[in-house]
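**Q** Pasting a structure below so you can have a look.
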Amino acid sequence: MHIQSKLPNVGTTIFTVMSGLATEYNAVNLGQGFPDFPMSDELTSLVNKAMKDNFNQYSPMPGWRPLMESISEKVELLYQTKVNPATEIAITPGGTYAIYSAFTTILQPGDEVIVFEPAYDSYIPNIEINGAKAITINLVYPDYHIDWVAVKNAVTPKTKAIIINSPHNPTGSVIGEKDIIELRKIVEGTNIFIISDEVYEHLIFDNIPHQSILRYPDLLQRSFVCFSFGKVYNCTGWKLGYCIAPEPLMKEFRKVHQYNCFSCHTPSQVALAEFLKNKDAYLSLSSLMQEKRDHFRELMKQTRFTMHDSFGSYFICGTYERISDEADKDLAIRLTKEAGVATIPVSAFYQNGKDDKVLRFCFSKKKETLEAAVEKLSRF
């Protein structure tokens, strides 16, 4: 039997490769974006209680209603926007699933989607599997800001959507108010959708306000806004997130969701509905993660890497011009084998493998993990 691949250009992801090497060489893994420290005891206790209280069967297709109500309350608190929990929210098995479902909801063969690179690796396969085409625009190196003139020039009658990501994976850059103004100018009077990847919503640093699409009613009317509980509460293995969209868009989103996942893990939803009432638990997240960023950045002064700015997410990038002129992927592999530290080459986030000699480091780790990694890197 022969399958005609829907993703002929997709192979094993760099995350699988680097994590495999990290295991093989017993390296400190600063590659894949997951914490190595415990999540909240209170939240795990609430899940355990939900199971014991027999919340173990299917939840409703859109999600556990009390959780959707808690999300709606949080959105109004943070962004002064009212979201109807009954019609404008869907609970999903992770933020990546929410993004895929949003693309699948809107895309038809021949459509075009503007994607900024370096880009989270699921975007382009999501677009292509729906028969559409990714129109890639490079973020401007080295601070990775958006060139809005290039965006305007890339818009055609086939442009169906623009996907934005802030705080940004892999670079840690963030969108500001000026970016919102430019985005408004480009989509005004068009039928262009916005997909906003905001999974690092609460991990934004230096008192910078998060420019969520949820702040802007005119943009929200054309948007699918995607979030992740895993990234917020350090439980990436739960694979639980959600999407917010206006009712007409959410109606179609739920049709896709209904015949794919249908519903998500009920005990976790029951627990999160209660845990979200604790506002301090999410309002304090940015300062906790910023401490890790600052500590890692200070530690890295012991090495010959030159660290870039990071204003959000789990990640910070660094260049290595004082170490080597080899390709970033080659150095990442050699670092894993010889220094015992796994990273991710940023060229992996470009369709064409553009190599600015940058590696991505995940600082969402225990203090001792970061210190052990830097001790190894300082000797490389």
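**Q** Those residues that are crowded, with 20+ Cβ neighbours inside 10 Å and not in a helix (DSSP H, G or I), I need them from region 209-221; list them, please.
**A** His210, Gln211, Ser212, listed by residue number.
**Q** Tell me which residues, restricted to region 10-43, are touching a residue at least 40 places away in the same chain (Cβ under 8 Å) and among the polar types (S, T, N, Q).
**A** Thr13, Ser19, Asn26, Asn29, Gln32, Ser40 - these are the residues of region 10-43 that are touching a residue at least 40 places away in the same chain (Cβ under 8 Å) and among the polar types (S, T, N, Q).
**Q** Kindly indicate whether any position in region 66-82 is among the aromatic types (Phe, Trp, Tyr) and surrounded by fewer than 16 Cβ atoms within 10 Å (Cβ to Cβ).
**A** No, that holds for no residue.
**Q** Specify the residue that is farthest from Asp36 (Cα to Cα); the eligible residues are those in region 210-235 that are modelled with pLDDT under 95 and out of contact with any strand residue (DSSP E or B) (no Cβ under 8 Å at 6 or more places or on another chain).
**A** Result: Val232.
**Q** With the condition kept exactly as written, say whether any residue in region 127-138 is in the same structural domain as Leu67 (by TED's automatic domain parsing), under 20 Å from Val83 (Cβ atoms), among the aliphatic types (A, V, I, L, M) and crowded, with 19+ Cβ neighbours inside 10 Å.
**A** Checking region 127-138: not a single residue is in the same structural domain as Leu67 (by TED's automatic domain parsing), under 20 Å from Val83 (Cβ atoms), among the aliphatic types (A, V, I, L, M) and crowded, with 19+ Cβ neighbours inside 10 Å.
Results for (1) in contact with a Gly (Cβ under 7 Å, 6 or more places away or on another chain); (2) not assigned by TED's automatic domain parsing to the domain that holds Lys74; (3) not hydroxyl-bearing (Ser, Thr, Tyr), shown as yes or no for each residue.
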| position | (1), (2), (3) |
| --- | --- |
| Thr190 | no, no, no |
| Phe193 | no, no, yes |
| Leu203 | yes, no, yes |
| His210 | no, no, yes |
| Pro217 | no, no, yes |
| Phe227 | yes, no, yes |
| Phe253 | no, no, yes |
| Gln269 | yes, no, yes |
| Ala273 | no, no, yes |
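**Q** Sticking with this one: I need the helices (runs of 4 or more DSSP H) fully contained in region 107-203, keeping only those with at least 1 residues that are under 25 Å from Cys317 (Cβ atoms) and without any contact (Cβ under 8 Å) to a residue 24 or more places away in the chain.
**A** 148-154, 177-187
**Q** Scan region 228-242 and tell me whether some residue there is among the basic types (Lys, Arg) and surrounded by fewer than 22 Cβ atoms within 10 Å (Cβ to Cβ).
**A** Yes, the conditions are met somewhere in region 228-242.
**Q** Step by step: first the residues of region 337-380, then only those that are within 15 Å of Ser324 (Cα to Cα) and not hydrophobic (A, V, I, L, M, F, W, C), then the one that is surrounded by the most Cβ atoms within 10 Å (Cβ to Cβ). Which residue is that?
**A** Restricting to residues being within 15 Å of Ser324 (Cα to Cα) and not hydrophobic (A, V, I, L, M, F, W, C), the top hit is Pro345.
**Q** If I filter region 93-103 for residues that are closer than 30 Å to Ser284 by Cβ, within 19 Å of the chain's Cα centre (by Cα) and aromatic (Phe, Trp, Tyr), do I get at least one hit?
**A** Yes, region 93-103 has at least one match.
**Q** Still on this structure, I have one more. What are the pairs with Cβ atoms under 9 angstrom where one residue, in region 280-304, is in the same structural domain as Val358 (by TED's automatic domain parsing) and modelled with pLDDT of 95 or more and the other, located anywhere, is part of a helix (DSSP H, G or I) and loosely packed, with under 12 Cβ neighbours inside 10 Å? Sequence gap at least six, or different chains.
**A** That search, which allows pairs on different chains as well, returns nothing.
The values are calculated or read from the model by the stated rules, or taken from the named source; none is laboratory data. Because the structure is predicted, anything quoted here is derived from the model rather than measured. As a convention, Cβ positions derive from the backbone with ideal geometry for all residues, glycine included, and neighbour counts pool all protein chains shown.
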